[in-house]
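Some notes on the structure that comes next.
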């Protein structure tokens, strides 16, 4: 249930580092947690929709009103917090409330955050005042949901601040075995504490329990950021006042990316606001609309600008900046130098790696270490797509050294996941799937969708090979897919119901096997009299089934845009198939392809 970015270095020798903020962001956006959280917030905002929601009343100490409600589902609970008052930093606008930047030191309710190494911390005075006013009722809520169920605590704007405080208080008062079943998701929330709070959360290993969604149009998360915090790492670290914690999912019209380094977050929060294009920066952002918009984003733009010599850490940072709307231009208004920002972020990544190198002692250490290979393959997919080939066909042809290098990454990943699947098979499986298991399955699903197409390419390179799914597919792929479907069923989701979003990876990891079989069938029809009428009819029937299969994927936005690249195997199949079908023949897929609607697929 926790979301934790990783910075993937090689543990052996002078290999490059990688940043995986894009991969984690894909996981976050394509999961259902954000959408369910925002749905709860939207319901709570609905006037009169929920008469049993609880609220604070404005007082002299705090003019803000906060409401909350718990939404119980069969397998989890969401507790949502919202503020009914607007927040803004435009002091000149009459009639708008201003959240005070005042910090209050060491509140007794949170004294557990103090240690001999971290003697003090400060919280936003108004946020803690509201939290205290709700404390008796929140204590009952904690008693009701504290130990037994996976819990998402979410909130928007000031409601997100209260959600974060409630989460911190709960984390201290629940058994350690249930900490990974608590996730706080905030939308457009202002920062709530100083560097003392930031250090305390890191010391408690609670950073990955917090996910903050921030739009580049939203001024509220930036209310308490120092004007100089984005210039250099040193100035950010010296800035007095509020500091971020947790993982930040930053969104722009260009896409999204995740960041967890606090100083980088400070720099980017300031930079994103000044760099935003297309939409006006406002203080009332519709995150539901943003989530819908982000569903269709694919990270591919800008990759072609890199030379082969560009190392992967710089390339990853470039893609992250581009995804959140920070482009390679000089921003005169804020005096932001893009190259300086790149250099500072790279320096922070390297410093974080050196700081945490060898510090992981839990069983997930090997999983984090193997992700360097995933990062390499993710980069390979982006380079291949930018070159107009697609990574499946690029690997299938193996014309360049980068294609040969992929074999090593693929083998490392396959060996790792085969071992993981064998170990998982030996363990008893309880009814339902825990959120810890879900996170493991996300990793396995991403691996399967990324790597299995490469195995399919190798399989069909051998002359005469057919029927990959029944004759060539590895057992560990079958189990990973089955477990993912079981997990989906455990969450009461129909296997055909999904987020309507095109992704950077095709959802069915056996898609290219279906394409290869369709190519074989189309070639049979092309050779004419050498094939019996029965074989021809069987081939046509199987190709019609293939058409239906592909069109279903397209309608559900479950297939990557790279299949429509002119040099792809799918487009090769289509050109062959278009020749052998009757001129009068029409179907959903043939109309889609003949009318070139695939060019608008995104």
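The values are calculated or read from the model by the stated rules, or taken from the named source; none is laboratory data. All figures in this text were calculated on a predicted structure; none of them were measured in a lab. Note that we place each Cβ from the backbone using ideal geometry, even for glycine, and neighbour counts take in every protein chain shown.
The set of residues in region 386-407 being farther than 18 Å from residue 456 by Cβ and either under 26 Å from the mean Cα position of the chain (by Cα) or outside the structural domain of residue 462 (by TED's automatic domain parsing) (or both) consists of 386, 387, 388.
Answer with yes or no whether residue 232 is under 23 Å from residue 326 (Cβ atoms) and either in the same structural domain as residue 156 (by TED's automatic domain parsing) or at pLDDT below 90 (or both).
So residue 232 fits the description; yes.
Would region 434-449 turn up any residue that is within 22 Å of residue 318 (Cα to Cα) and at pLDDT 90 or above?
Within region 434-449, not a single residue is within 22 Å of residue 318 (Cα to Cα) and at pLDDT 90 or above.
Determine which single condition residue 304 fails, assuming it passes every other condition in (1) part of a helix (DSSP H, G or I); (2) at pLDDT 55 or above; (3) more than 21 Å from residue 413 (Cβ to Cβ). Residue 304 satisfies every listed condition except (2). If you go through region 386-403 and pick out every residue that is surrounded by fewer than 23 Cβ atoms within 10 Å (Cβ to Cβ) and assigned to a helix (DSSP H, G or I), you end up with 7.
Quick check: is even one residue across region 166-174 surrounded by 18 or more Cβ atoms within 10 Å (Cβ to Cβ), within 19 Å of residue 109 (Cα to Cα) and out of contact with any strand residue (DSSP E or B) (no Cβ under 7 Å at 6 or more places or on another chain)?
yes
Before we move on, is residue 314 in a helix (DSSP H, G or I), under 30 Å from residue 452 (Cβ atoms) and at pLDDT 80 or above? The answer is no for residue 314. Take residues that are surrounded by fewer than 17 Cβ atoms within 10 Å (Cβ to Cβ), in the same structural domain as residue 387 (by TED's automatic domain parsing) and more than 31 Å from the chain's Cα centre (by Cα) and tell me which of the helices (runs of 4 or more DSSP H) falling wholly in region 533-602 contain 3 or more. Once the helices (runs of 4 or more DSSP H) in region 533-602 are filtered for at least 3 residues that are surrounded by fewer than 17 Cβ atoms within 10 Å (Cβ to Cβ), in the same structural domain as residue 387 (by TED's automatic domain parsing) and more than 31 Å from the chain's Cα centre (by Cα), nothing remains.
Give me the helices (runs of 4 or more DSSP H) completely within region 126-223, filtered to those with at least 1 residues that are closer than 18 Å to residue 64 by Cα, ordered by residue number.
135-145, 158-172
For residue 227, state whether it is at pLDDT 90 or above and in a loop (DSSP other than H, G, I, E, B). So residue 227 fails the test.
Taken over region 7-49, the criterion of being in a loop (DSSP other than H, G, I, E, B), under 28 Å from residue 441 (Cβ atoms) and modelled with pLDDT of 55 or more is satisfied by 17, 20, 31, 32. For region 239-250, a residue qualifies if it is modelled with pLDDT under 90 and either in contact with a strand residue (DSSP E or B) (Cβ under 9 Å, 6 or more places away or on another chain) or more than 16 Å from residue 261 (Cβ to Cβ) (or both), and the qualifying residues are 240, 241.
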